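Everything below concerns the one structure shown next.
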Amino acid sequence: MARSNNLNWIIAIIGAWQIVSPFVLGYTTLPVAMWSAIITGAVILIVSLAAALINSRSLDRILDWVNFLLGIWLIISPFVLVFSHFGAMAAIWDAIVVGILVILLSLWAATSIGRREVV
């Protein structure tokens, strides 16, 4: 479970990045992209912190799968919310890269729960 906790802390940091990314990357003029990043980042941050702090394998695994789904949402959100048509390449690439990272890390965390880990 230690590996899963470490991965959840990393995902939480990525969620925090997603919250501030519109301001850092300069796409605050696109409200749809900005609010999508802030809200999704906040949910990822909260879910990851809960998964890292709660000492329950079954709940931890569920929360990891929630983050997995949020990662998928990040990848498709530029196209579903149509902010891809406004020429916001920074917002599009940020959502896609962060989505891929969240998917990979949450999948790794979900599948490492319950395995015997060598320390």
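Residue 42 - would you say it is touching a residue at least 24 places away in the same chain (Cβ under 8 Å) and closer than 14 Å to residue 107 by Cβ?
Considered against the rule, which asks whether it is touching a residue at least 24 places away in the same chain (Cβ under 8 Å) and closer than 14 Å to residue 107 by Cβ, residue 42 comes out as no.
Within the set of pairs 6+ apart or on separate chains, which have a first residue in the range 14-31 that is touching a residue at least 60 places away in the same chain (Cβ under 8 Å) and surrounded by 12 or more Cβ atoms within 10 Å (Cβ to Cβ), a second that is part of a loop (DSSP other than H, G, I, E, B) and small (Gly, Ala, Ser), and C-beta atoms under 8 Å apart?
Listed by first residue and then by second, the contacts come to 27/88; 30/88.
Which condition number in (1) surrounded by fewer than 23 Cβ atoms within 10 Å (Cβ to Cβ); (2) modelled with pLDDT of 95 or more is the one that residue 74 fails?
Answer for residue 74: the failing condition is (1).
Among 37, 33, which is the only one that is among the hydrophobic types (A, V, I, L, M, F, W, C), part of a helix (DSSP H, G or I) and either closer than 17 Å to residue 5 by Cβ or modelled with pLDDT under 95 (or both)?
Answer to the selection: 33.
For residue 52, state whether it is surrounded by 14 or more Cβ atoms within 10 Å (Cβ to Cβ), at pLDDT below 95, out of contact with any Lys or Arg (no Cβ under 7 Å at 6 or more places or on another chain) and among the small types (Gly, Ala, Ser).
Taking the combined requirement at face value, the residue satisfies it.
The values are calculated or read from the model by the stated rules, or taken from the named source; none is laboratory data. These numbers were taken from a predicted model, which means no experiment stands behind them. Positions of Cβ are backbone-derived with ideal geometry, glycine not excepted, and every protein chain shown enters the neighbour counts.
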